[in-house]
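The values are calculated or read from the model by the stated rules, or taken from the named source; none is laboratory data. Here the structure is a predicted model, which is why all the values come from computation and not from measurement. Backbone-built Cβ (ideal geometry, glycine too); neighbour counts: all protein chains shown. In case anyone asks, the SASA skips ligands and DNA or RNA and just uses the protein heavy atoms, side chains included. Shrake-Rupley method; radii C 1.70, N 1.55, O 1.52, S 1.80 Å.
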Amino acid sequence: MKKSTFLATAIFAGAFAQPAFAQDAEPRFFDGFYVGGSFGLDAIDDENGEGITFDTDGDGEYGDGVITTTGANAFSPGYCNGAANGAEASDGCSDDKSRYGYGIRIGFDQRIGNGPVVAGLLVEGALSESEDYSTGFSTTPASYTFVRGLDKSVAVRGRLGVSPGSGRGLLYVTGGVAYADIDHDFVTTNTANSFTMTNDDDWQLGGQIGAGGELYLTDNISFGLEYLYSRYDDDDAYVLVGAGTAPATNPFLLDSGETALRPSDPNLNIHSIRTTLNFRF
């Protein structure tokens, strides 16, 4: 009787212990720390008609015309949102350089209660090989191309998503702030004037917003696809055009003795499509 009672008790306890053990052993997806990386394409976003703009009177306000001694517009050949293929507008322009971007990240996700909602925060450091070009053509003829690229950036983003079904997948939106080191350069076929880049390597504050999806491949490794739009207010860098060997009648010198130029769009905008791979603790 005692043996039977002991056996029944053991079976009864085991029946409850087994599902409890199984429940404890089941992984809780998207709930904890992770480290990972991203790789994808960074595409420069250009507005139609983008080119370069001028401050000829030194008041810090751009939008002045570069006027010749006859009153003509020295940049009447026009502008393009690309890199000049030659000295004349008829030579055309090549497209911006949309190239690879890659980064590393560390983050934390937290399930809200026992439901499908997941909230998280991540810090990401990234590099990019893309470059933005803005060009103007003068009647000399000559071309003037302002070059800028995202050298490196650090971002802090939150994300909020839903993890339906078994919880192995996540659909989310993300957004936050970013701080980027933007490199600047200048290329021209004008050999008369002097050209001095100012604030050519500076850090700028920006914002990011995007969305993505992520799926667990194993209990500790997740793979994702993400779209991210980044916008940086890049209005500090400019090129100062001086006399060089040009005469005082040079259009760049007529108003105040020098002219500052920069891209007509002061914002650097990047669309990124990237894959992500994360190791989750």
Tally of residues being among the charged types (D, E, K, R), at pLDDT 95 or above and open to solvent by 10 Å² or more (accessible area, probe 1.4 Å) across the stretch 256-280: 3
Qualifying position, being more than 20 Å from the chain's Cα centre (by Cα) and charged (D, E, K, R), among Asp109, Asp95: Asp109
Selection within the stretch 40-61 - closer than 21 Å to Gly149 by Cβ, open to solvent by 50 Å² or more (accessible area, probe 1.4 Å) and assigned to a loop (DSSP other than H, G, I, E, B): Asp45, Glu47
Test: Asp202 is at negative phi, surrounded by 20 or more Cβ atoms within 10 Å (Cβ to Cβ), in contact (Cβ under 8 Å) with a residue 24 or more places away in the chain and in a strand (DSSP E or B): no
Residues satisfying the stated conditions in the stretch 151-166, i.e. open to solvent by 30 Å² or more (accessible area, probe 1.4 Å) and among the charged types (D, E, K, R): Asp151, Lys152
Test: residue in the stretch 250-270 that is in contact with a Gly (Cβ under 6 Å, 6 or more places away or on another chain) and not in a loop (DSSP other than H, G, I, E, B): no
Within the stretch 97-182, strands (runs of 3 or more DSSP E) holding 3 or more residues that are farther than 30 Å from Gly51 by Cβ and not small (Gly, Ala, Ser): 99-111, 117-128, 142-162
